[in-house]
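The values are calculated or read from the model by the stated rules, or taken from the named source; none is laboratory data. No experiment lies behind these values; they were computed from the predicted model shown. Here Cβ is always computed from backbone atoms with ideal geometry, including for glycine, and neighbour counts include all displayed protein chains. All accessible areas refer to the heavy atoms of the entire protein, side chains included, with ligands and DNA or RNA removed. Shrake-Rupley method; radii C 1.70, N 1.55, O 1.52, S 1.80 Å.
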Amino acid sequence: MKEKINKYINDVNNIVISNLEEANSFKNQYLGKKGILNQVFFEFKQLPGLEKKELGQLLNQLKTLAFSKLEGVKNNQKSSKHKALIDVTLPSNYEKIGATHPLSKVKENIVDIFKKVGFSVAQEREIEDDWHNFSALNMPQNHPARDMQDTFFIDLNPDKLLRTHTSSVQIRHMDIHKPPIRIISPGRVYRKEDISARAHCIFHQIEGLYIDQNVSFSDLKAMINYFLKSLFGKDLKTRFRPSFFPFTEPSAEVDIYWGLESESDYRITKGTGWLEIMGCGMIDPNVLKNVNIDSEKFSGFAFGLGIERIAMLLYQIDDLRLFFENDIRFLKQFQKAF
Ligand code: PHE
């Protein structure tokens, strides 16, 4: 009997269990109802008292060994499962939360179009001074053009105001960079307007600035046409109408042909089929002088457009206020659009 138990102890020690199946068959063989352990215990019970004393310990040793062998397998399994869970090389469960705001999406699209032709993004402060928002842009004190942009003044001395357009970025950039310059600057702007479906006191613009030697109006036209066709499709028709901005000369407004197919086309184009989309022009030599760039040597163009206006057209939204209310029911509709 003693030899038998010792043999079993030896066997259990030598058994290698490498998977669940082997673990189960080990369990049946040793610990099952008709398993080895029960058999040996049965035989043990028949033994006379003295022998029991001697063999009892050995038998207990076999029992503990068999159980701990099985326990060891379970633990191994657990830890390998755990390891799999924290395997840092596995791809993560990417949780999608929220969606890009339509204004951000339109902004990103426009920026990408200009990046392709060598523009880089320049951003600047929203709290400006009079010089950068007005005077340096050829709008000295009392210039009537200031009235076109009703301004939120924060302080008068020293003068602080909320920028009314992104053209202030032109000045800040040219102050510290010399030509050639190709920048695109998206940002928030502020005007003291009554809030309605068509106007808001906060909105977003994108300004473009291009300065180099021998830049002409036809370069400007080519750039704007490239941009608008990239955004609205290559068959788009555009037209340039003479206009006025204090910081560009000559200046133009750009219209796109929207068509007159639906009732809403009539409404938004006022029955003409044409939509005004952006302002642009050749940088006025006075502006270049204000930032110490030689206007005999360099010339350039600038353009500016409203992001809300483009987003309203692209997604057929007829109330500007929706962009700022952050109503989940509105925003959710753009989850799939991008
Ligand atoms: N800053 C002008 C506006 O807000 C737009 C513009 C920018 C026009 C650049 C011409 C050149 O109305």
Q. Only one of these conditions is not met by residue 230: (1) more than 10 Å from the ligand (Cβ to nearest atom); (2) polar (S, T, N, Q); (3) surrounded by fewer than 17 Cβ atoms within 10 Å (Cβ to Cβ). Which number is it?
A. (3)
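Please count how many residues of region 257-271 are surrounded by 12 or more Cβ atoms within 10 Å (Cβ to Cβ) and not small (Gly, Ala, Ser).
Here is the first cut: in region 257-271, the ones surrounded by 12 or more Cβ atoms within 10 Å (Cβ to Cβ) are 257-260, 265-266, 268-269.
Still in the list and also not small (Gly, Ala, Ser): 257-258, 260, 265-266, 268-269.
Of the residues in that region, 7 qualify.
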Q.
Looking at region 146-175 only, could you name the residues that are exposed (fewer than 15 other Cβ atoms within 10 Å of the Cβ) and in contact (Cβ under 8 Å) with a residue 60 or more places away in the chain?
A. 175
Q) Would region 6-14 turn up any residue that is assigned by TED's automatic domain parsing to the domain that holds residue 57, more than 17 Å from residue 61 (Cβ to Cβ) and of a type in the set (Phe, Trp, Tyr)? A) no
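Of everything in region 241-252, what is open to solvent by 30 Å² or more (accessible area, probe 1.4 Å) and either part of a loop (DSSP other than H, G, I, E, B) or closer than 21 Å to residue 166 by Cβ (or both)? Give them in sequence order. Break it down into steps so the answer makes sense when it comes.
The first filter runs over region 241-252 and keeps only residues open to solvent by 30 Å² or more (accessible area, probe 1.4 Å), leaving 241-245, 249-250.
Result: 243, 244, 245, 249, 250.
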Q. Restricting attention to region 35-74, and to residues there that are surrounded by fewer than 13 Cβ atoms within 10 Å (Cβ to Cβ) and under 60 Å from the mean Cα position of the chain (by Cα), which single residue is modelled with the highest pLDDT?
A. 64
**Q.** Residue list for region 238-293, filter: within 16 Å of the ligand (Cβ to nearest atom) and of a type in the set (S, T, N, Q)
**A.** 238, 243, 248, 251, 286, 290
Q. If you scan region 181-200, which residues turn out to be open to solvent by 30 Å² or more (accessible area, probe 1.4 Å), more than 13 Å from the ligand (Cβ to nearest atom) and either touching a strand residue (DSSP E or B) at 6+ places or on another chain (Cβ under 7 Å) or not assigned by TED's automatic domain parsing to the domain that holds residue 305 (or both)?
A. 182
(Q) Condition first: outside any helix (DSSP H, G or I), open to solvent by less than 10 Å² (accessible area, probe 1.4 Å) and under 26 Å from residue 239 (Cα atoms). Now tell me which residues in region 284-314 satisfy that. (A) 300, 301, 302, 303, 305
**Q.** Cross-chain or 6+ apart pairs with Cβ under 7 Å, region 204-225 first and assigned to a strand (DSSP E or B), then charged (D, E, K, R) and open to solvent by less than 40 Å² (accessible area, probe 1.4 Å)
**A.** 204/308
Q | Lone unmet requirement of (1) open to solvent by less than 70 Å² (accessible area, probe 1.4 Å); (2) closer than 15 Å to residue 189 by Cβ; (3) modelled with pLDDT of 95 or more; (4) not aliphatic (A, V, I, L, M) for residue 118 | A | (2)
Q. Which condition does residue 178 not pass, out of (1) within 12 Å of the ligand (Cβ to nearest atom); (2) touching a residue at least 60 places away in the same chain (Cβ under 8 Å), if it passes all the others?
A. (1)
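Is it true that some residue in region 101-109 is within 17 Å of residue 306 (Cα to Cα) and free of Cβ contacts under 8 Å to residues at least 12 places away in the same chain? Show your work before the answer.
Residues of region 101-109 within 17 Å of residue 306 (Cα to Cα): 101-109.
Filter once more, keeping what is free of Cβ contacts under 8 Å to residues at least 12 places away in the same chain: 104, 108.
Yes.
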